[in-house]
Amino acid sequence: MTSVLEPSTSRARRADLPSVQAALRIAREIAGPAAKSVDEEARFPRESIDACREAGLLSALVPVELGGMGLSLGDVAAMCEALGQACANSAMVFAMHQIQVACLVRHGRETPAIVEYMRRLVREQRLMASATTEVGVGGDVRTSLCAVERTGDRFRLVKQAPVISYALESDDIMVTARRAPDASNSDQVIVLVDRANARLTPISTWDTLGFRGTCSLGFTLEAEGDAAAVIPQPYAEVSSRTMLPTAHTLWTSLWLGLATDAVGRARAYIRAEARKKPGTVPPGAARLAELVSVLATFRSTVHDGVRRYEEAMHDDEVLSGMAFALRMNSLKISGSTLVVDIVHRALMICGINGYRNDSPYTLARHYRDALGAALMVNNDRILGNSSSILLVQKDDASDVGA
């Protein structure tokens, strides 16, 4: 059995895994049919996530010895890709949950309270959200103003978070905060907050261009609980070794799914046009051939990024190195750029039929969701981080790129 800490099965075998097959079924039968209403009503994709619960997919990364499926990151990435083809909102919620689970599995195994929580997660299929951004820090998730206040074996914290995706639908929230009131802004930890012990007061709404179903409102979060719920490892370590690379691999996987569906619609449109005039080649056919090539490049980029992260998981030296950080940054930048490019090319092929909301070839939702990719951990911030690394890194071309 594999876990998030072990290499995945081959891609050929992965497609046959019952868990991946379950994700494909949920995408086809549940997420896809509901995607339009989820987007139009800006509502949580409850039917998709409930189906994932019933299939036990919310504990896919939890080790077998704790009751989970013990699947690899690559396996979960394949699920995100499958869900992304049907409903980007469902895939994003699923991916963000799995990012939090990966952090617990990799960094909480030595903490009895966290281990017990993972068992509970398996039993109850609890949905995890995260609160890493904070009002007043300019989007820098590696800086916190709020702090963990300890009294004996209890903690308390208050955080103003401009965005907490699907907070009101979650069972637990992973919250970043300063280790203590006298700690520096960068001395952060992650606190596992049970929603039953938290109060969420809305401070902003979520009426957006895309990813409307993630319901990412802003809240003042007030929480208290057992101090054992504080993960002792520094957040900087959790972030660089697990949270960010897992986010970038799972996000790009779901964006690949979104792009794949966009190309599928463009292909269906060209085939329909060809049937209207047998023996002729539709004007957009050449564009489609080029688009399929771009999609193949995107797929190779994403799958290679997943493979590289899986190979590096056991090597602390690689995970903490500049080259690895650059690769993961490049994966996110290229993925969030390519998904927009591919959807735009598909739109140009479908023309007005792709532009219309009432067309079977509509790409409106795809386009709007794709535009959000560059804003999730803003690309400018990531490029700034990469530029700082490049200024001090030794000149070795083999270390650069995804």
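Remarks
- Degrees, to the nearest 10: 244-276 long Cα axis against longest axis of the chain: 20
- For peptides 193-203, 48-58, sequence by mean Cβ density within 10 Å, most packed first: 48-58, 193-203
- When each of the peptides 288-294, 86-92 is scored by how many other beta carbons lie within 10 Å of its residues on average, the order from highest to lowest is 86-92, 288-294.
- Peptides 134-145, 360-371 ranked from most to least packed, by the mean per-residue count of other Cβ atoms within 10 Å: 360-371, 134-145.
- For region 12-155, a simple Cβ point-charge model (Lys and Arg +1, Asp and Glu -1, everything else neutral) yields a dipole of about 260 debye relative to the Cα centre.
- Label of the coordinate-derived value, mean projected area of the Cα convex hull in nm², listed as (i) 21.4; (ii) 20.1; (iii) 29.5: (ii)
- Adding -39500 (n - 2.57) for every DSSP H run of four residues or longer, then dividing by how many residues the chain holds, sets the calculated 222 nm ellipticity at -16000 deg cm²/dmol.
- Principal-axis analysis of the Cα atoms of the chain puts helix 73-86 at an angle of about 50° to the longest axis.
- Compared with the dominant Cα axis of the chain, that is its longest principal axis, helix 379-392 is turned about 70°.
- Built amide H within the under 5 Å cut-off of Ile190, gap 5+: Ile231, Tyr235
- Look at the dipole of the chain built from charges on Cβ: of Ala51, Gln233, Val377, the Cα furthest out on the positive end belongs to Ala51.
- Close amide-amide hydrogen proximity is noted between Ser130 and Ser165, Met174, each under 5 Å apart and 5 or more residues distant or on a separate chain (H modeled in the peptide plane; Pro and chain starts excluded).
Where a number appears in this text, it was derived from the coordinates with a stated rule and is not lab data. From a predicted model like this one, the values you see are computed outputs, not experimental measurements. So basically every Cβ, Gly included, is an ideal-geometry build from the backbone, and we count neighbours across all protein chains shown.
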